[in-house]
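The values are calculated or read from the model by the stated rules, or taken from the named source; none is laboratory data. Keep in mind it's a predicted model, so treat the numbers as computed, not measured. When we count neighbours, we look across all protein chains shown, and the Cβ atoms used for this are built from the backbone with ideal geometry, even at glycine. For accessibility, only protein heavy atoms count, side chains too; no ligands or nucleic acids. Shrake-Rupley method; radii C 1.70, N 1.55, O 1.52, S 1.80 Å.
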There are 2 protein chains.
Amino acid sequence: MNTIQAGPVHPSPRAVSPLRPASAARIEGGFWAERRRVNARISLAEGPGRLEQAGNLANFRAAAAPRTDGADTPSGTGFSGDFQFQDSDVYKWLEAACWQLADTPDETLATEVEAIVELIAAAQREDGYLQTYYQLGGGIPWTEPGWGHELYCAGHLIQAAVAHHRATGSDRLLAVARRLADHIDSVFGPGKQVDTVCGHPEVETALVELHRTTDEKRYLDLARYFLERRGHGTLSSGADRGHDRDPGPEYWQDHTPVRAADEVTGHAVRQLYLLAGAADLAAETGDTELRTALERLWRDMVTTKTYLTGAVGSRHDWEAFGDAHELPADRAYAETCAAIASVHFSWRMALLTGEARYSDLVERTLFNGFLAGAGLDGRTWLYVNPLHRRARSHERPGDQTAHRTPWFRCACCPPNVMRLLAGLPHYLATADDSGLQLHQYATGVYGGDGLTVRVTTEYPWEGTVTVTVDEAPTALPRTLSLRLPAWCADHTLTVNGTTVEDGADSGWLRITRAFTPGDTVRLDLAMPARLTVPSSRVDAVRGCAAVERGPLVYCLEQTDQPGRLDPDTIAVPPDTPLTVRSRPELLGGVRTVSVAGNRLRADDTSGDWPYLPYTSATSGEPHESVELTAVPYYAWANREPGAMRVWLPLAARG
Amino acid sequence: MNTIQAGPVHPSPRAVSPLRPASAARIEGGFWAERRRVNARISLAEGPGRLEQAGNLANFRAAAAPRTDGADTPSGTGFSGDFQFQDSDVYKWLEAACWQLADTPDETLATEVEAIVELIAAAQREDGYLQTYYQLGGGIPWTEPGWGHELYCAGHLIQAAVAHHRATGSDRLLAVARRLADHIDSVFGPGKQVDTVCGHPEVETALVELHRTTDEKRYLDLARYFLERRGHGTLSSGADRGHDRDPGPEYWQDHTPVRAADEVTGHAVRQLYLLAGAADLAAETGDTELRTALERLWRDMVTTKTYLTGAVGSRHDWEAFGDAHELPADRAYAETCAAIASVHFSWRMALLTGEARYSDLVERTLFNGFLAGAGLDGRTWLYVNPLHRRARSHERPGDQTAHRTPWFRCACCPPNVMRLLAGLPHYLATADDSGLQLHQYATGVYGGDGLTVRVTTEYPWEGTVTVTVDEAPTALPRTLSLRLPAWCADHTLTVNGTTVEDGADSGWLRITRAFTPGDTVRLDLAMPARLTVPSSRVDAVRGCAAVERGPLVYCLEQTDQPGRLDPDTIAVPPDTPLTVRSRPELLGGVRTVSVAGNRLRADDTSGDWPYLPYTSATSGEPHESVELTAVPYYAWANREPGAMRVWLPLAARG
């Protein structure tokens, strides 16, 4: 078992975080093992080919070509691709590959990683600058802070370098990252060449991690500079070329400093990468005002701007958070990368506060809003993840929700999915001075502070989690903490077969004792299928209910309904029976939920004008009954295209 | 009274249209007279100043400057403003001013009109080309069909020229328009320099009207060419500079020809200007396949893609129609120009078919989705017209729904509002061989086919419409037709005090007799306040009801509620009493509707997670009652900013 700290977030010894990622974490079976197997064998393995095809690697080769004319711009060919930030796709793949190598040695993958590391090193300019778009004639470096994405790419390079170092022990890419960070440090700051921030946050969290890895304080100071400089209106799209629409300062969170903000706003990925970096800073600096702001912003996000699937970002327009409670199911933007960013932010808040609610959101997001972005085949992806798709949408060639696609013109999501899946063990367990905390449940081995346990579970299909102690310090009491999921209404907890008193402590079930190898803790989470309704403020899905089971959100896909019935023409009686069925042959093996529903009469669904006089007569006439089949939302859009909905209209009570 | 045909649409004698605009139509009092007075005295009067300030007129002066170097590009200064299509703002103002002059002589306005006409004439190139953006160095004419807007601007010039000709009898601007149209005819067509269409339809309807005015068949043929050429994928944004996002072919209706399309799609204004032009063509050519397609597309729009306010365009992203039944209240784009385009299309369909339903939609759109775009002060405007604004939206500087603004960077809407208000009499009445049809009710005089009537009404505040015959052909029977609004559930019709049998004929109440001057027809439309609910397919407002009265949609504005109660924290019992109140001092004089509602308890409106387990217990607990005040939607956003909603959540029945 790998015991080096192979994960993206490792608070330094000086950090105030009560929790640290478990020193050992390995998934050995079950739901996530299968998804990670596909990630390794297909997604990661095919990555270099995709990056070659899309021109990303060619850009590095071109930037690395010898300068024949002494000019700053190398003599290679021009930049391939449409976006300034394409280097970041390479960095994210590289980070993913490193976490995978940390978990499971793979000679082919290791060889590819080293080749790309050398290519990146060769492309770096002598002064440390590195962004192939500008090196290949795209413009003058550091003059387009709004859209240039130079610090964004730098951040991803740094994260890849940290991963490479943690996974392999090598300093090769870390040296490249340090040279770039040193260059940035020489360029940015009060009184220096540039005194502003990057349009896309990312470098903040990367610099903190670089500080954690190298113990170089300048990187922490630089991260703090970028955090504090933001929010003072120094960014303006007008300053950059080729952008004829102005998104306004909220888009890139330049309207107000993080510590003063009271709601999450603007581009969802930008907002959450920024908050992840701020959480890292708060951990390293003990800045309590900043921590309070982060708790406030997280709460704002969760209580007013998060979909049932954990997804965020309500607007296609600028890929943005909407107003409070603006959560349209059909036009949910819910970018896969935003779900990933939400996991990054929440995980850092879990470490910073020790509170279970952050991992509740991580669980919901992982199993639903995030996982839906990755096709079951490991090679097709969704960029946006709506909770409702109407019957004709998939016929539209320009519709981003239409089909899973193999790679994107703007390919941010696929390698981002890869790095989260490859690094997933990192997000499951923590340790503190008193013991071990299990945040998520997956079959495997987790250890820290002398306590090592083996988890066996059929989660998320079954609610039983068996935890067997492998190693424990002799006669020293330790606390094993198990997160009681917020979705769970009923549970039992036993230790060596005896039910224990288990009042949950803010979402944690805690067992303190001198553990002995072989001790077995068993948590049984009742997992009936259930109906969930929105609060009265969530306008877009008023009068509807969603089917959930355990951490999974379900949906109706047209293909599963009798006669391919359009799920937009049904309603569900509020007290409808829900029946769980095991379908090992379906979608890689799922449990479906059967729902006794009503098929709407034609006159409910058509007419000359879709608004009718209210009449107080209840439409208690009998509808045709129909047995509807719901599948886990994460598995949608893996078969023939068609309509889908998560939120099912509730039938009026007769 | 003006009796020349001063309106934008006049089918030729060869047209198959059963109805022609009334030869006389004059609004003399009441609701629309007041709005038109503000339009003339403020909006139109301030127009030239706005156009000067925004640089539009400077562009014409620069284009008209003497060419000192013999080059194609004049030696003037560069183009002022951000958009290629800014010339069209001038043309639309000019068209509006001409309709106003046709209605009411005004020496100042006439002088301004003639000065701008001369400026335009001077800016035209010798070969007839005219678009100041390209003339002032913006690029090479006719090489950027997707985004260049050259034919779009040409269309607006032609419409202004037709208006100028019809209002003043002058050929001065018409000659400019003909030279431009002839130039276009020489450039566009199979085997000619350019064989494609403009990214923004508009020239089609303009060319048909130019044909109608000049009797030149080439213009009709050119319009037909542009209509038929569209839908074959010849447009691509990739061909143009400076646009890094590709909207896809549906955006500009280039995915399928109009006659084959089965749903309205893409940019709403583009779609509806195109369909207006197609309706003109169908009228002039008798093309029944095209007419059938237009009826199909209109029905698709009305039954699945139109807001209660008559507004269209559900998506901010690309200002577009959404999928069927995708009608979010909060993120309604509902551009003011799209409402205007809907009126253009529906009016042409009314003329083409003689059917009342088209004017039903015109009425709803005029009183709600359109009129909301124009501030009561005549100098502030809304670009987008949502049916719901949450409390914090107005604090966002970048929010287009935030405030009425004096003029836009992209100022398409203000002069478009002006031309519709100035030309409004044109849309109220028609004549055919057998008599006169009143489509809309406004105090004034309307005449055609020998029958002239005087209408007196307090519409839309009161449902009584009194029609007195002023002139009638002696002893010749004529049919007076009055549209029975679709919203009206109960009415009585009397002739000279006697109730007449009046089964409505597809929305028309028809009275056939030999009318005598002094004959009085009185239509009483019952106009109680009423609750309207959406069909089960309109997901975004399920479980809500809207208050309507007559043709008016109502809304709750925060400022009118007790204690500035946020209208997002209320619910309305389904059988709530509605009380109409006259408020002459409010918003220029309105009737409000009082609604007995419930204030939600705090625990309905806040929490840690906005999704709750469904429990079958009805929340029958008493809520605090609150008297809510609804105002006409058209008048919203004219006072302090705050939350607004049209659709009110229905309280669960206790």
Exercise for the section: Considering Cα pairs under 8 angstrom that are at least six residues apart, work out the relative contact order of chain A and quote it in whole percent. Expected result: 13
Practice task
Please work out the FRET efficiency for the pair B:Glu458 and A:Ala652, using the Cβ-Cβ distance as r and a Förster radius of 45 Å; give the result to the nearest 0.05.
Solution key: 0.70
Practice task
Rank-order B:336-348, B:582-594, A:24-36, B:30-42 by packing density, defined as the average count of other C-beta atoms within 10 Å over each peptide's residues, highest first.
Solution key: B:336-348, A:24-36, B:30-42, B:582-594
Handout entry: In nm, spacing of pseudo-spin labels at A:Ala526 and B:Ala526 (7 Å Cα→C-beta vector)
Key = 5.3
Exercise for the section: Using label points projected 7 Å from each Cα along Cα→Cβ, tell me how many nm separate A:Arg639 and A:Val500, to one decimal. Expected result: 4.3
Handout entry: Percent of alpha-carbon pairs separated by more than 61 Å within the protein assembly as shown
Key = 18
Exercise for the section: Read phi for every residue in segment A:53-60 and hand back ³J(HN,Hα) as whole Hz from Karplus 6.51 cos²θ - 1.76 cosθ + 1.60, θ = phi - 60°, with x for Gly and Pro. Expected result: 4, 7, x, 4, 6, 4, 4, 5
Problem - 10 Å Cβ neighbours from other chains, averaged over peptide B:327-336 - result: 3
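Below 8 Å between Cα atoms, with a sequence gap of 6+, how large is the relative contact order for segment A:231-351 in percent? Mind dumping the intermediate values first?
Details: 183 pairs, mean separation 29.8, N = 121.
About 25 percent, as a whole number.
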Practice task
Could you size up the charge dipole of the protein assembly as shown around its Cα centre, putting +1 on the beta carbon of Lys and Arg and -1 on that of Asp and Glu, and report it in debye to the nearest 20?
Solution key: 960
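At 1.4 Å probe size, with the rest of the protein present, what percent of the exposed accessible area of the protein assembly as shown is carbon and sulfur atoms? Mind dumping the intermediate values first?
On the way: 21250 of 42430 Å².
Roughly 50 percent, rounded to a whole number.
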Practice task
Return the sequence-ordered ³J(HN,Hα) values of segment A:270-282 in whole Hz as given by the Karplus equation 6.51 cos²θ - 1.76 cosθ + 1.60 applied to θ = phi - 60°, using x for Gly and Pro.
Solution key: 4, 4, 7, 4, 4, 5, 4, x, 5, 5, 4, 5, 4
Handout entry: By average C-beta atoms within 10 angstrom, highest first, the peptides B:472-485, A:87-100, A:412-425, A:625-638
Key = A:87-100, A:412-425, A:625-638, B:472-485
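Does chain A come out rounded, prolate or oblate, given a ≥ b ≥ c as the square roots of the eigenvalues of its C-alpha gyration tensor, rounded meaning a/c under 1.5 and, failing that, prolate meaning a/b above b/c?
Values: a/c = 1.73, a/b = 1.25, b/c = 1.38.
Here chain A falls in the oblate category.
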Handout entry: For segment B:427-523, accessible area per residue (1.4 Å probe, heavy atoms of protein chains only), Å²
Key = 39
Completion exercise
Output field shielding_mean for A:296-303 (other chain Cβ, 10 Å radius) holds 1
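Given R₀ = 51 Å, FRET efficiency for A:Glu289-B:Ala115 by Cβ-Cβ distance, to 0.05? Mind dumping the intermediate values first?
On the way: r = 62 Å, r/R0 = 1.21.
Working from the Cβ atoms, E equals 0.25.
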Fill in the blank from the handout: One decimal, nm, nearest first: from B:Gly55 to the same residue in each other copy, label points 7 Å out along Cα→Cβ, the values are 3.1
Handout entry: Nearest beta-carbon to the A/B symmetry axis - residue in chain A, distance in Å
Key = A:Gly543, 2
Fill in the blank from the handout: Comparing each residue of segment A:523-553 in the complete protein assembly with the chain by itself (heavy atoms, probe 1.4 Å, ligands and nucleic acids ignored), those losing at least 30 Å² of accessible area are A:Leu531, A:Val533, A:Ser535, A:Ser536, A:Arg537, A:Asp539, A:Ala540, A:Arg542
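Hey, could you get me the Stokes-Einstein D for segment B:44-182, Kirkwood radius over alpha-carbon pairs, 20 °C and 1.002 mPa s, rounded to whole µm² s⁻¹?
Values: Rh = 15.0 Å.
Here the translational diffusion coefficient equals 143 µm²/s.
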Fill in the blank from the handout: Computed from the beta carbon distance with a Förster radius of 60 Å, FRET efficiency for A:Asp82 and B:Ile42 to the nearest 0.05 stands at 0.80
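Magnitude of the Cβ-charge dipole of segment B:528-647, K/R +1 and D/E -1, about the Cα centre, nearest 20 debye? Mind showing how you got there, number by number?
Working: 12 positive and 15 negative charges, 109 e Å.
The dipole magnitude comes to about 520 debye.
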Practice task
Return the long-range amide H neighbours of A:Thr464 (sequence gap of 5 or more, or a different chain), with a cut-off of under 5 Å between placed amide H atoms.
Solution key: A:Glu458, A:Leu525
Practice task
List the distances, in nm to one decimal, from the label point of B:Arg513 to the label points of the same position in every other copy, shortest first, placing each label point 7 Å from Cα along the Cα-to-Cβ direction.
Solution key: 9.9
Completion exercise
Taking every residue of B:319-325, the Cβ atoms of other protein chains inside 10 Å of its Cβ average out to 4
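Can you compute the charge dipole magnitude of segment A:440-584 about its Cα centre, using +1 on each Lys and Arg Cβ and -1 on each Asp and Glu Cβ, nothing else charged? Give it in debye, rounded to the nearest 20.
Numbers: 13 positive and 18 negative charges, 9 e Å.
That gives segment A:440-584 a dipole magnitude of about 40 debye.
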Problem - Inter-copy separations for B:Asp377, label at 7 Å along Cα-Cβ, nm, ascending - result: 5.9
Exercise for the section: For the B and A pair, go ahead and give the buried accessible area with a 1.4 Å probe, both sides summed, in Å² to 100. Expected result: 6100
